[in-house]
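Beneath this line is the structure, given in structure tokens, with notes to follow.
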Amino acid sequence: MKEATDNLATTGEPSRVKLFYYAEMDDNGIVYLTCDKGHNTAAVHLSRKHQFLFQSGCHALLDHYTNEAVSMFSAALERAYEFFLRVAYRRLGLPSTLFDTSWKHVKAQSQRQFGAFVFLFAVIADEPFELPKEIPKLRNDVIHQGYIASFDEVLKYAENIFTLIRRIMQVLRDKCPTEMWAEINEANEVRKMEVPSGMEWTGLAETEFDLTVDLTFQTWLSELRKLHEGQSP
């Protein structure tokens with residue numbers, strides 16, 4: 001979304017008009033826009049990948065693409081596992097190059113990623129990670145069995161994943177905030193470098209997993225629905 005300011009001939013007062021542009025986001029979390037005046041700009045997501053995957057799942061759900069939403073929510077949770085592991089490596093004093101080398105062996109194997117996460121979560125949080133059995137069941141039914149999930153099933157699935165990811169982020173905030181922000185800032189700097197030299201850019205951040213905001217899933221989804229339907233928040 002871009003805000004434009006025009007002078008009103010009748011009053012001489014500026015007015016602010018919100019213009020909505022539809023564009024695709026690339027794998028780096030960057031959206032490239034060309035306004036009606038021909039100006040090129042980039043909108044850079046300063047959120048983690050699990051955040052905009054989760055948001056993408058919500059958009060799919062609001063359009064009643066339930067199975068597509070399950071896929072996005074599942075991917076969001078898996079990327080939250082990866083983010084936790086990266087921060088945990090920092091906390092343990094291990095170099096990111098070691099993580100990247102190790103990650104290559106499990107990059108395409110979600111169960112092994114989850115196994116690595118479960119053990120490091122216990123190390124960092126000093127408590128076990130509890131995954132509700134409904135989470136892998138619906139994912140596997142949809143992805144492997146072709147089960148067509150209902151809207152209400154996926155809505156509950158989304159809320160459960162929302163709660164899980166917020167729990168993961170809470171542990172990172174409480175146990176290793178310095179390492180968490182170091183990982184976030186480094187990833188953001190890498191992302192900004194993908195924007196072509198000389199092009200203006202603006203940052204975008206989401207609040208759904210910001211633990212300084214007391215936000216329920218239903219409240220956040222209600223706000224997202226307004227944007228989804230083209231309303232001003």
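The values are calculated or read from the model by the stated rules, or taken from the named source; none is laboratory data. Keep in mind the model is a prediction, meaning the values are calculated, not measured. Neighbour counts are summed over all protein chains in view; Cβ atoms, including those assigned to glycine, are modelled from backbone coordinates with ideal geometry.
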Open item on the list: If SER150 satisfies all but one of (1) touching a strand residue (DSSP E or B) at 6+ places or on another chain (Cβ under 8 Å); (2) surrounded by fewer than 16 Cβ atoms within 10 Å (Cβ to Cβ); (3) over 16 Å from HIS50 (Cα atoms), what's the number of the condition it fails?
Closed with: (1)
- [ ] State whether one or more residues within segment 196-207 are farther than 21 Å from ALA23 by Cβ, loosely packed, with under 14 Cβ neighbours inside 10 Å and modelled with pLDDT under 90.
- [x] yes
Open item on the list: Between a residue in segment 112-140 that is of a type in the set (Gly, Ala, Ser) and any residue that is in a helix (DSSP H, G or I), which pairs come within a Cβ distance under 6 Å, given they are 6 or more apart or on different chains?
Closed with: ALA125/VAL171
TODO: Mind listing just one residue for me: the one in segment 176-228 that is in a loop (DSSP other than H, G, I, E, B) and within 15 Å of the chain's Cα centre (by Cα) and, of those, farthest from LEU53 (Cα to Cα)?
DONE: LEU211
- [ ] Given the conditions (1) closer than 20 Å to LEU94 by Cβ; (2) charged (D, E, K, R); (3) surrounded by 13 or more Cβ atoms within 10 Å (Cβ to Cβ); (4) modelled with pLDDT of 95 or more, report the number of the one that ARG139 does not fulfil.
- [x] (1)
Task: Entirely in segment 1-111, the helices (runs of 4 or more DSSP H) that have 1 or more residues that are among the basic types (Lys, Arg), modelled with pLDDT of 85 or more and surrounded by 15 or more Cβ atoms within 10 Å (Cβ to Cβ) - done: 49-62, 66-91
TODO: Being within 25 Å of ILE135 (Cβ to Cβ), among the basic types (Lys, Arg) and in contact with an Asp or Glu (Cβ under 8 Å, 6 or more places away or on another chain) is the filter here, so list the residues in segment 66-118 that pass it.
DONE: ARG86
